[in-house]
Every structure is written in structure tokens, then in C-alpha cells.
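Q: Shown below is the structure under consideration.
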């Protein structure tokens, strides 16, 4: 499991060397009963257009990681872990990580997605993903700055709060990955079951039916000062 995740991170690091910009997009569909569908994409398709054939041999091809399947496969070894560690791993069950590359079509992206019963479940999964294998001090901990956000959705109101991840403050590898996003964008789209009454961000573009909003940020600004993407949305009752 960790070999695959770390390989995905290292593949993205290749883009940094070539100063190829990446873009990020996050889309969440909120359901009235409190559940939600989460999608987070890191798109490095520009990298595929100039990637040398020699590098293509060492890159992962299409890869799908299902944490539910992995936890089932590793249940015996997981049962030997402390209860707190087991609980954290179980929070990953709804998550999938997909890496797709097609050099002929110029496509290269990493997708993190899943369906969650509520926002607490999503927060727990992303927190667990951040802490995967941190004790071994390997590159996987640098996933942290991609997911360090807390969401709150109760069926009527939504809020999002982000803070700068510690890895960007102190970890050299994470800091070196930051230039990868120079010139890229961070786009969010949130879909709601009812019309939006008000939103506290003047940059938000509300759809014609008032059930969706979208905002676009500079990617490096988002990673360096993620609190600028904090958001509060109130729906019509």
C-alpha cells in the first residue's frame, strides 16, 4: 500500500524538476441527509506532453487503490496494532486513490475520491491519509498539504476551514514540491441539494439554479495560505 502511494508522490516530483505546472480541482456534492461525494484531482497533464520515453518506463501506469480492499487483505496484521491505530486505518475505508496516465492523449492525474456518510467521516479519512506511515518518515507524509482541510455539513449549512500544514513549514521535500504548482490553479465546485441563500466569499460564482458554486484560486497561493479558501454557505430553508 505505502509503496504505491509513495510512488505516486515521487512521480509528481518528476514534474517539479521540469517546472511543469499542476492544477488542482476539488468537487463535493452535498446531499440533504448529510452524506457527501468527495473528489480531489491533481492534474499534471502538461507534464505528459514533454516527458521523455526513458522516464515513462519508470512511471506507474493506471493504478487504483481501494483502502477498503487493502484493509480486508491486511486485516490479520492490522488486528495486531494498537486500537487507536486500527480506528484511524478504518476511517480510510471510503477512500480511493486513482492515478491515470496516457502519454498518447497527454493525460496525467491523481484522483482522491469517495462517498461519505457525513462530513465527520470525510474529515477522519483525510486526517488518517495525512498520517499514513508518518512514523517511518517517508515521502508519503507529504500528502498532508494536499488534504489539510476540515469540512462541516449538516444538511442546511456548509463551512470549510483550512490551515497551513506543518509539512510545508518544516519538511524540505514538501517545500520543494510547492513550485510544481506555479502557474497552476485551484478550482472548487460545490453542489448543494437546495438553493444557496448566501456565501461569505465575493469571488464565488453561483450557478443559474443557485444550487452550485465555483471559485478559482492561484494554486501556489492556495497551498501557501489555504485559509484564504475558508468558506461558509447557507442554504434556503
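Q: Restricting to the range 217-237, name every residue that is outside any helix (DSSP H, G or I) and modelled with pLDDT under 95. Steps first, please.
A: First, pick out the residues of the range 217-237 that are outside any helix (DSSP H, G or I): 217-218, 225, 230-237.
217, 218, 225, 230, 237 - these are the residues of the range 217-237 that are outside any helix (DSSP H, G or I) and modelled with pLDDT under 95.
Q: Continuing with the same structure: Can you tell me which of (1) out of contact with any strand residue (DSSP E or B) (no Cβ under 6 Å at 6 or more places or on another chain); (2) surrounded by 14 or more Cβ atoms within 10 Å (Cβ to Cβ); (3) modelled with pLDDT of 75 or more is the one residue 166 doesn't meet?
A: (3)
Q: If I ask for residues that are surrounded by fewer than 20 Cβ atoms within 10 Å (Cβ to Cβ), touching a strand residue (DSSP E or B) at 6+ places or on another chain (Cβ under 9 Å) and not in a strand (DSSP E or B), which ones from the range 183-203 would you list?
A: Our first condition is that a residue be surrounded by fewer than 20 Cβ atoms within 10 Å (Cβ to Cβ); within the range 183-203, this holds for 183, 185, 187, 189, 191, 193-195, 197-203.
Imposing the further condition that a residue be touching a strand residue (DSSP E or B) at 6+ places or on another chain (Cβ under 9 Å) reduces the set to 183, 185, 187, 189, 191, 193-195, 197-201, 203.
Passing the criteria: 183, 193, 194, 195, 200, 201, 203.
Q: Restricting attention to the range 109-144, which residues are modelled with pLDDT under 90 and outside any helix (DSSP H, G or I)?
A: Hits for the range 109-144 are 109, 110, 132, 133, 137, 138.
Q: Okay, next question. Yes or no: residue 91 more than 23 Å from residue 43 (Cβ to Cβ) and modelled with pLDDT under 90?
A: The answer is no for residue 91.
Q: Any idea which residue in the range 66-83 is modelled with the highest pLDDT, counting only those that are surrounded by 12 or more Cβ atoms within 10 Å (Cβ to Cβ) and not in a helix (DSSP H, G or I)?
A: 66
Q: So which residues in the range 217-227 are free of Cβ contacts under 8 Å to residues at least 40 places away in the same chain and surrounded by 15 or more Cβ atoms within 10 Å (Cβ to Cβ), if there are any at all?
A: Listed by number, the residues that qualify are 217, 218.
Q: Could I ask something else about it? Spot the failing condition for residue 92; the list is (1) touching a helix residue (DSSP H, G or I) at 6+ places or on another chain (Cβ under 6 Å); (2) in contact (Cβ under 8 Å) with a residue 60 or more places away in the chain; (3) buried (at least 17 other Cβ atoms within 10 Å of the Cβ), and only one is missed.
A: Result: residue 92 fails condition (2) only.
The values are calculated or read from the model by the stated rules, or taken from the named source; none is laboratory data. For clarity, every value in this text was computed on a predicted model and none was experimentally measured. Neighbour counts are summed over all protein chains in view; Cβ atoms, including those assigned to glycine, are modelled from backbone coordinates with ideal geometry.
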